[in-house]
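In what follows, a single structure is set out as C-alpha cells and then discussed.
Nothing in this text is a laboratory measurement; each read-out follows from the coordinates by a stated rule. Remember, predicted model here, so these are calculated numbers, not experimental data. Here the Cβ is made from the backbone with ideal geometry for all residues, glycine too, and neighbour counts use every protein chain on show.
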Amino acid sequence: MRGLMMDFPLTLATIFERAGKMFPNVEIVSRRPDRQKVRSNYGEFYRRARRLAEALTRAGMRPGDRVATLMWNHAGHLEAYFGVPVAGGVLHTLNLRLHPNEIAYIAKHAEDRFLIVDDALLPVFEKFREQVKFERVWVTSFGGQAFPAGAGVESYEELLRTATGEFEPPKLDENAAAAMCFTSGTTGNPKGVVYSHRSIVLHSFAEAMADTFAMSQEDTLLAVAPMFHANAWGLPFTATMCGTRVVFPGPNVDAESILDLIVEEKVTVACGVPTVWLAVLDALEKHPGRWKINWPVRIPSGGMAPPESLIRGLDRHGIRLIHLWGLTETSPLGTTGRLKAHMREWPEEKQYEVRVKQGWPAPFVELRVMRPDGEAPWDGKTAGEIEVRGPWVASAYYESPETAGRWTADGWFKTGDVASIDEEGYVKIADRAKDLVKSGGEWISSVDLENALMGHPAVREAAVIAVPHPKWQERPLAVLVLKDGMAQPSEEELRQFLMAKNFAKWQVPDAFVVQKEIPRTSVGKFMKIKLREQFAGWEWEKRD
C-alpha cells in the first residue's frame, strides 16, 4: 500500500517563491569594499533574481548549463544563488582566493559557460581570462567602480534590463543539479561536488532545526563564511527559506569589522572558521568595553577544531561558539556540538569536554568509524576513519572516475578524517589522516596538541606538523604565533604546560618555532602542507 501524499518536488523554486511572498520587507544588508552599507530586502531580491533567471534564459542558457560566479558575499551573489538554479542552470561558485591557474582549471573542468564577476574582482579575472573561454561575462557594480568599456565584458545591470517580467520558470526535477563547488585540492587536483535541488532543500531544513543552527525569521545572520566555499555552509539557502535577516560583510572580514557589524546590526548568528573567532576574541580582550554585546550571539564554527580556550573566552563575552563538522562533500552539515539536555546539569568542566568535540550527527546523516578489522565501537576511544552517508552527501565527484575508491561498495563516503565516537554519539576528530604524527609506531594527534597550546596565555595560534626523524620515523614540531606584546615562552615551559594537560612526554613536540603567521587556505584553515614544505629540511640532529 502506498501513501496518499502529493508527489511534490523539493526544489529551490519553492523556497524562492516563499521568500518573495512571505518576507518581502525583511532586510538584506550588504557592505561594499569601501565599507558603505547597501540596504535592500527579500522583495527586491526576489524581483531581481527573477529577472536574472529570465535574462539568462533569453541569453541562451539551457538546463544544466553552468554559470560561474566570481563574487564576494553580498545581495547580488544571493540573486545568483537562486536566479541561476530557478531557471534550470547550475550555479558554480569560483573560489577567488585560489591561484589563477587553479581557478582556470576548475572553470574548464566544470565546463562553465557564463561568468558573473564583481567589478572589484576584475583584476583577479584578468589573471586567468586567457586560459578560459566563457561565452559571456557580466560585471556587477558591487564595488562602485566605473564600468570597463570595451574590455570584452558586459554590464550585469544591463543583463537584468533585458528581462520583460513575463518569465515562466521551468518545471524542475528535484534531483537535477542546482549548484557546484570544488574541493580545496590539497591532494591532487580539486574535485567537483554537484548538489541537487533536493539535497539543498533537505540540508536547509536540517540547518534550521533547533539542535543544529536554530535559524528562524527572528534572527539576523552575519554570513562570514565565503559564498564561494561550500555554498557559505548552505546558510544563504537556509536564511532565505526561514526569512532570516542577513548581513553580508563583503571583502572586509577582519576582527574589528566583524565586531562592528555584530554590534551595529544586532547580529544573533554568525558563521566562520575558528581562525576568524580567534582574532575576534583577541580584539575583544585588547579593547574591553569597546563593543557592547548584551544579547545572545551564537557562532556555528567548523573547518578546524576550535581550542577550548577560544570557546571559554567567547563565553565570557556572551558569544557561544557551537562546534560543527562537515565537508564540501556533505553540503557541509555533518554534526553539531550542542549539549544534550541531561548534560546541562553536569559540572562546567565536563560540559566543556563535550563542547570541544565535533558533536553528534544531524538527522539523516549516518556516521561510522572504520578500521582495518571492521567498524569501531562507540566507546570514545577506538579511532578510525570516518565514513558518512546521507541525502546531502555526495555520491561521486564530477567527471572524476579515478576517485571512485573514495566510496565503499555499500555507498559510504570515506572522509579521510580520523576520529572516535563516544557512547552519546559525539564525534571527536583526532586528525586528518595525513596530519597524524606517527612516532615510534604510536599515533599523536596534532589537533589535540594545537588546542592545548592555544590555551597557553602567550599563544594566539598553533599548528603542529610531523617532521621526519631518523630514529622515531616522525616527531611533532609546533609552529606558534604569539599574542601581541607577549614574551616568547621557553621550550621547556611549553613542554611542562602540555604535560600538565595530560600529554605524555613522548607526545610533546620536540621543537617549537615562533613566526609572525601561519599560512592559511583560501577559507582560513591552517595550511599544513605549506608548513611541511617550509620545514622539509629540518634537522633534528642539530637540536639533540
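Kirkwood's formula applied to the C-alpha pairs of the stretch 178-243 gives a hydrodynamic radius of 12.8 angstrom. Rg and Dmax over the alpha-carbon atoms of the stretch 282-377 stand at 16.0, 55 Å.
The C-alpha atoms of the chain define a longest principal axis, and helix 75-86 lies at about 70 degrees to it.
For the stretch 353-399 and the stretch 17-83, what is the centre-to-centre distance using only Cα atoms, to the nearest Å? Taking the Cα centre of each part, the stretch 353-399 and the stretch 17-83 sit 35 Å apart. Per-peptide packing, taken as the mean over residues of other Cβ atoms within 10 Å, places 516-526, 64-74 in the sequence 64-74, 516-526 from highest down. Note on the chain: antiparallel DSSP beta bridges, both residues inside, total approximately 55 percent of the bridges counted. Entry note, the chain: the mean residue ellipticity at 222 nm calculated from DSSP H runs of n ≥ 4, each adding -39500 (n - 2.57), is -8000 deg cm²/dmol after division by the residues and rounding to the nearest 500. Computing Rg and the Kirkwood Rh from the Cα coordinates of the stretch 11-196 gives a ratio, Rg/Rh, of 0.95.
Protection proxy ranking of 228-240, 333-345, by the mean of other Cβ atoms within 10 Å over each peptide's residues and highest first, is 228-240, 333-345. Considering only PHE503, GLY524, MET454, and ranking their Cα positions along the charge dipole of the stretch 446-544 that arises from unit charges at the beta-carbon of Lys, Arg, Asp and Glu, the one farthest toward the positive end is GLY524. If you line up the long axis of helix 12-22 against the longest principal axis of the chain, both from Cα atoms, how many degrees apart are they, to the nearest 10? Roughly 70 degrees, rounded to the nearest 10. Using the alpha carbons alone, the radius of gyration of the stretch 493-544 stands to its Kirkwood radius in an Rg to Rh ratio of 1.03. Using only Cα coordinates, the Kirkwood hydrodynamic radius of the chain works out to 24.4 Å.
List, in the order given, every pair from LYS37/LYS530; LYS286/LYS525; LYS505/LYS528; LYS357/LYS530; LYS292/LYS530; LYS340/LYS505 whose Cα-Cα distance in the structure shown is over 29 Å. Distance filter (> 29 Å) returns LYS37/LYS530; LYS292/LYS530; LYS340/LYS505. Using C-alpha pairs below 8 Å separated by at least 6 residues, the relative contact order for the chain is 10 percent.
Taking each residue as 0.36 nm, the span from MET1 to ARG58 lengthens on full extension beyond its C-alpha to C-alpha distance by 16.0 nm. In terms of overall dimensions, the stretch 436-542 has a Cα radius of gyration and Dmax of 13.2, 40 angstrom. Using R0 = 41 Å, the C-beta based FRET efficiency linking HIS99 and ARG161 works out to 0.70. For the stretch 312-384, applying the loop criterion from DSSP together with a ceiling of 16 other beta carbons within 10 Å to the chymotrypsin sites (Phe, Trp or Tyr not before Pro) yields PHE364. Once the Cα atoms are used to define both axes, helix 100-110 deviates from the longest principal axis of the chain by about 60 degrees.
Taking amide hydrogens as placed 1.01 Å from N in the peptide plane, the amide H of ARG475 sits under 5 Å from those of VAL467, HIS469, each at least 5 positions away in sequence or on another chain. When peptides 1-12, 294-305, 463-474 are sorted by average Cβ neighbour count within 10 Å, with the highest value leading, the order is 294-305, 463-474, 1-12. With each label modelled as a point 7 angstrom along the Cα→C-beta vector, the ARG35-ALA504 pair spans 5.2 nm.
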